[in-house]
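Comments concern the structure below.
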Amino acid sequence: MELHFTGMLIAVCTFLIIGLCHPLVIKQEYYSGTKYWWVYLLIGIVCICLAFIVPNWFASEKTGIIVSAILGVTGASFLWGIGELFAQKKRVQKGWFPMNPKRKHEYDGIASDESLCPVCKDAKKHPANYKDLPS
């Protein structure tokens, strides 16, 4: 019986990438706010584009597939991080995370019932609040 560890290697790398991106978003928002969201976009696009072409750079197809998958996960994580960066700003405004005292002027007031969802501007339209809507 032959064991294949490619899937587990990709899974562990995915776990580590997501685990590193989460504190990165928190620190990024604390020190510089959301003004550098475009860096996340650029890194995400570059990683995803590289994921399409990188398998051709390796002699071993298996190595190319692993590197391509890791680049794809990294790119997707950075693209997801853009939304998380803006959601993190709302979390700080709600008092769930510490606010950088040097940047207090950048935070507007936020209603306690406002949604963190960047798509749902109105908390009443958020799917979690459907039970509160009139029939």
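The values are calculated or read from the model by the stated rules, or taken from the named source; none is laboratory data. Since we're looking at a predicted model, the values are computed, not measured. Backbone-built Cβ (ideal geometry, glycine too); neighbour counts: all protein chains shown. Accessible surface areas use protein heavy atoms only, side chains included; no ligands, DNA or RNA. Shrake-Rupley method; radii C 1.70, N 1.55, O 1.52, S 1.80 Å.
Just one of the listed residues (Val39, Val25) is modelled with pLDDT of 95 or more, among the aliphatic types (A, V, I, L, M) and under 23 Å from Lys104 (Cβ atoms), namely Val25. For segment 100-112, what are the residues that are at pLDDT 65 or above, assigned to a loop (DSSP other than H, G, I, E, B) and open to solvent by 70 Å² or more (accessible area, probe 1.4 Å)? Matches in segment 100-112: Asp108, Gly109.
Checked across segment 113-126, the condition of being open to solvent by 80 Å² or more (accessible area, probe 1.4 Å), outside any helix (DSSP H, G or I), at pLDDT below 85 and within 26 Å of Thr6 (Cβ to Cβ) holds for no residue. For segment 13-54, a tally of residues being closer than 23 Å to Arg91 by Cβ, assigned to a helix (DSSP H, G or I) and of a type in the set (Ser, Thr, Tyr) returns 4. The residue that is nearest to Ile17 (Cα to Cα), counting only those in segment 64-89 that are open to solvent by 40 Å² or more (accessible area, probe 1.4 Å) and at pLDDT 90 or above, is Ile70. For segment 57-79, indicate whether the set of residues that are without any contact (Cβ under 8 Å) to a residue 24 or more places away in the chain and closer than 30 Å to Pro101 by Cα is non-empty. Checked segment 57-79: no residue is without any contact (Cβ under 8 Å) to a residue 24 or more places away in the chain and closer than 30 Å to Pro101 by Cα.
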